[in-house]
Structure formats: C-alpha cells, structure tokens
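Chemist: One structure coming up, written as structure tokens, with questions to follow.
The values are calculated or read from the model by the stated rules, or taken from the named source; none is laboratory data. Remember, predicted model here, so these are calculated numbers, not experimental data. Because the Cβ atoms are built from the backbone with ideal geometry, glycine has one as well, and the counts that use them run over all protein chains shown. All accessible areas refer to the heavy atoms of the entire protein, side chains included, with ligands and DNA or RNA removed. Shrake-Rupley method; radii C 1.70, N 1.55, O 1.52, S 1.80 Å.
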Amino acid sequence: MKLDFSSVWQYWPFLYHGALLTLKITLICTVLGFILGTLLSLLKLTKCKPLVWIANFYTSIFRGTPLLVQLCIIHFGIPQLIGITFTTTQSGILTFSLNSAAYVSEILRGGIVGVDKGQYEASMSLGVGYKDMMKDIIFPQAIRSILPGLVNEGISLLKESSILSYIGAVELLRAADQITVLTFRFFEPYLVIALIYYVMVMILTLFANRLERWLNRSDRVS
Amino acid sequence: MIEFHKVYKNFGKLEVLKGIDLNIEKGQVVTLIGPSGSGKSTILRCMNLLERPTSGTVIIDGQDITKPKVDIQDVRKNIGMVFQHFNLFPHKTVMENMTYAPIKVNKLSKADAETKALELLKRVGLVEKTDVYPGKLSGGQKQRIAIARALAMEPQIMLFDEPTSALDPEMVKEVLKVIQDLSHTGITMVLVTHEMGFAREVSDRICFIDDGQILEDASPDEFFQHPKTERAQAFLEKVL
C-alpha cells in the first residue's frame, strides 16, 4: 500500500473552492435558519392556538422527513410544479435554511421555557412589561442553554451540507469526487476533506466555548 | 387599601379559593396562616394578579384590578412582592437587580436609582455586596436583597410569600428582622408565613385560611389564645 498525496495537492483549487462553498452555505443557512427559527419559536410561545399548531406542524414536517428527500423535492420537484428552477446553491440554501429553522425553533423554545417561572413572576411583580422582560431577563438566561444547541445545529449544517453533492453542487465532497475521477485515487482525497471538515468543526467549537465562558461570567465568581 | 369581594379561583377542576371576602386597611400588617394547600399563597397572588380570580373582584386603592381594561403593569409597580425562592436575576449584579425596574419602569435616572439602591442596601445591611452576583450570596442575603429590590420601586403594598421557608434555620432571623423593621414604617403588608411566633409579634391581624375560605379573622392575641373554630384549634395544636 502506498499513499500519494501529491496527486491531491495538484488539484487543491478544487478543494479550496469546494470548502468555500461549504462554508458559504453553512454561514448563510445558519443565519437564515436562526432568523426563521426565531420567528417560529415566537409563534410557538404565543397563546394563539392556531399559530402554535402551524409552527408545530412545520417543525414536525422538517424533522419527520429525511433532509435528502427535502432537498430532492425542492431541487427537482418544485421546478416541475411551478416552473421555476433553482441553481444547486439556491436549492441548498433554501432547503437547509427551512430545515434548520425547524430545529432552531425547538432549541429556542426549549431554552426559553426552561427559564425558572420565578423569573417571570419577579419581573411581572416589579411592573416590567412583557417585551422588556423577555429581552432583559428571560432571553439572557435562556441563551446559556440555547447556545450549545445552536452550536450543534451549526456543526450539523456544516457536515450535512455534503449531501448537496447529490444534486451536483460542487462543495467539498463533490470536489473530492472530481479529484478521484481525475486521479483514480480514492483514499487520499476523501481523507483530506475529512480533515478539512474536522478542522472547520473544531474551530467552530473553540469559538463557541469562548462565547459560552463569556456568557457564564456571572457564575464564575461563586 | 386591598379589598376582596367573593373571590373564587379554580385551577382546572380544583377549587382553590371559595368566596374570599377581605378588607385590609392602609398601613395594616396582615398575616395569612393555614395548612399548606389551603389557598394562602393564591390569595396573595391574586392581589397583584399573578393569578387572575375566576370570579369576584379585587380592589386595590379604590381601583377594581380585575376589570379587563386595567393597566396591570401600573398596578403591579405599586405592589412589591417577595418570594419563597427569592427570584433574584442571576445574570445581574446586586446593584443591577436593584436598579433595573426603577430605571425601566419608573424612569429614574441611573444615578438616582443607584443612590436609592445604596440607601436600601444600607438598610438591609448589605451595602458591601453591590457588585456581587446573586450566586455568591447566602439564602438570607439573597432574600434581604430581594426585599430591598421590591422596596426600590417605592410600593404602597408589600406582599411576602413564605419569605423564610427556603432558608437555613440560622438565616431566618436576619430576614425576619428586616421584615419587622419594615412593619414599623406604615407600609401595608400582607404575609404568608409558617413562623407563628413572628406572625404574632408583627401582625395587626391574623387570617386563618383553610380549604379556600377565611375561617377566622382576628387580632393575633385573640387568635393564638382563643381560636374559635375547631380547625384552627387543631392547626395551632400541631404547629405550636
């Protein structure tokens, strides 16, 4: 057995562009998923039953079906239905954002519901209004339990983006596929992208740990 | 100052308050006593609408607060509440706990709110804890801060919901001392407590609650020496 990484390095621009697309999609979908997920979680926290049902139904659809199936429906199915075609990147962003929103909304809802009831009562008894209470008292406490969940969601987005290769988007995995075709070598390209994924995830985790420590600064004194 | 007229409260099928009539004058210190589950805390929580009565009216300072159009925030800022579990904001320092609502709700300037807070912290003997987070305080200290935080809103009424029940025995005294000092200031106070000795000492009136009803309403001496109902007698025998 002989490993030959030089054939991979020869095609490093493939990997470079693939990694860029992976990062781009992850970043955009994390942001869009967070915004959409926040809106969804607000619906879930209202007292209006129909809104809660709609939000819960949305969540159950995206959690109850495989991501790859959702991607196929959006990329191949929707164009047939309404005649608009999406580029692979557009389909990817759309699918991952909608999917991520479902998970993010649950993470946020869980975090907010998890804040001690006494915090609501103390705020209310001091005459603090609902908006200020959520913004200044409840959310800053919820974020501590929310953050680890959000980081996990970001990490899984980053990794799951590899399924975009299925519809032909040239992200990291597809870039490696192309190298295998050109070099007839399989182990080296896939090993290299595995390493690239791993490094990206580690950087994300490191950053999240820093943030978490900062958020928990009020605990540290005790 | 506080009037209840035929107040009923149900939690689902469970009837917790069964027609409470109560009239508390300005400046009075009234203690609600009774077995757990009798509805004492619910009565207290109806006074600032943390619980909304199922029926009946609650009148605070002449205003019927159970009417739908009432600005409940406006009512609540005049009624301080102290909880069994303190409920300090864990992500804010003691000073921030003290000044948050006065700045946000009463629109005080930061400087004014801090001056006021320092004055109150001095009163509860914790002026050195200004920049500490609640996590670093003992239970007794937390509760004294919680009392000071409620007072920072300059309320006309103070409600105490079992303020010493979650405390280690050696910390009960320091909290009771603060409450007792407060009872001499002429503020209207309603307490729910299991500290019978303290209730007797500090109250103008005792209401004995059992099974969602006020069974006795008397002066402390009268209640503790000559309880009229059998249920009050049985209760006192167990706790004294």
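Chemist: Would you pick out the residues in segment B:83-98 that are among the hydrophobic types (A, V, I, L, M, F, W, C), facing another protein chain (nearest Cβ under 9 Å) and at negative phi? Even if it seems obvious, please write down each step before you answer.
Modeler: Step one: list which residues in segment B:83-98 are among the hydrophobic types (A, V, I, L, M, F, W, C), which gives B:83, B:86, B:88-89, B:94-95, B:98.
Now drop any that are not facing another protein chain (nearest Cβ under 9 Å), which leaves B:83, B:86, B:88-89.
Within segment B:83-98, B:83, B:88, B:89 qualify.
Chemist: Right, another one. Going through segment A:108-133 one residue at a time, which ones are surrounded by fewer than 21 Cβ atoms within 10 Å (Cβ to Cβ) and either over 19 Å from residue B:77 (Cβ atoms) or more than 13 Å from chain B (Cβ to nearest Cβ) (or both)?
Modeler: First pass over segment A:108-133, keeping only residues surrounded by fewer than 21 Cβ atoms within 10 Å (Cβ to Cβ): A:110, A:112-121, A:124, A:129-133.
Those that are surrounded by fewer than 21 Cβ atoms within 10 Å (Cβ to Cβ) and either over 19 Å from residue B:77 (Cβ atoms) or more than 13 Å from chain B (Cβ to nearest Cβ) (or both): A:110, A:112, A:113, A:114, A:115, A:116, A:117.
Chemist: From the residues in segment B:80-103 that are in a loop (DSSP other than H, G, I, E, B) and touching a strand residue (DSSP E or B) at 6+ places or on another chain (Cβ under 8 Å), which one is nearest to residue A:126 (Cα to Cα)?
Modeler: This residue is B:83.
Chemist: Same structure again: Look through A:56, A:99 and report the one residue that is in contact (Cβ under 8 Å) with a residue 24 or more places away in the chain and part of a helix (DSSP H, G or I).
Modeler: Working: A:56 fails: in contact (Cβ under 8 Å) with a residue 24 or more places away in the chain.
Unique residue meeting the criteria: A:99.
Chemist: If you check B:80, B:34, which single one turns out to be surrounded by 22 or more Cβ atoms within 10 Å (Cβ to Cβ) and at pLDDT 95 or above?
Modeler: Details: B:34 fails: at pLDDT 95 or above.
Just one listed residue meets the conditions, B:80.
Chemist: While we're on this one: Please go through segment B:206-230 and give me each residue that is of a type outside the set (Phe, Trp, Tyr) and crowded, with 18+ Cβ neighbours inside 10 Å, ordered by number. Walk me through it before giving the result.
Modeler: So in segment B:206-230, the residues of a type outside the set (Phe, Trp, Tyr) come out as B:206-207, B:209-222, B:225-230.
Within segment B:206-230, B:206, B:207, B:209, B:210, B:212, B:214, B:215, B:216, B:220, B:227 meet the criteria.
Chemist: Quick test for you: out of B:190, B:175, pick the one residue that is open to solvent by less than 10 Å² (accessible area, probe 1.4 Å) and free of Cβ contacts under 8 Å to residues at least 40 places away in the same chain.
Modeler: Answer to the selection: B:175.
Chemist: Under 8 Å by Cβ, and 6 or more places apart or on different chains, what pairs join a residue from segment B:121-136 that is assigned to a helix (DSSP H, G or I) with one that is hydroxyl-bearing (Ser, Thr, Tyr) and open to solvent by 50 Å² or more (accessible area, probe 1.4 Å)?
Modeler: Note: pairs meeting the criteria are B:135/A:222; B:136/A:222.
Chemist: Let me ask another. Going by the conditions given, is residue A:81 open to solvent by 70 Å² or more (accessible area, probe 1.4 Å) and out of contact with any Leu (no Cβ under 8 Å at 6 or more places or on another chain)?
Modeler: yes
Chemist: Another question, if that's okay. Has segment B:89-101 got any residue that is touching a residue at least 24 places away in the same chain (Cβ under 8 Å), under 15 Å from the mean Cα position of the chain (by Cα) and open to solvent by less than 10 Å² (accessible area, probe 1.4 Å)?
Modeler: Scanning segment B:89-101 turns up no residue that is touching a residue at least 24 places away in the same chain (Cβ under 8 Å), under 15 Å from the mean Cα position of the chain (by Cα) and open to solvent by less than 10 Å² (accessible area, probe 1.4 Å).
Chemist: Would you please name the residue that is nearest to the other protein chains (Cβ to nearest Cβ), looking only at residues in segment B:104-125 that are within 16 Å of residue B:176 (Cβ to Cβ) and surrounded by fewer than 20 Cβ atoms within 10 Å (Cβ to Cβ)?
Modeler: If we take residues in segment B:104-125 being within 16 Å of residue B:176 (Cβ to Cβ) and surrounded by fewer than 20 Cβ atoms within 10 Å (Cβ to Cβ), then B:123 is nearest to the other protein chains (Cβ to nearest Cβ).
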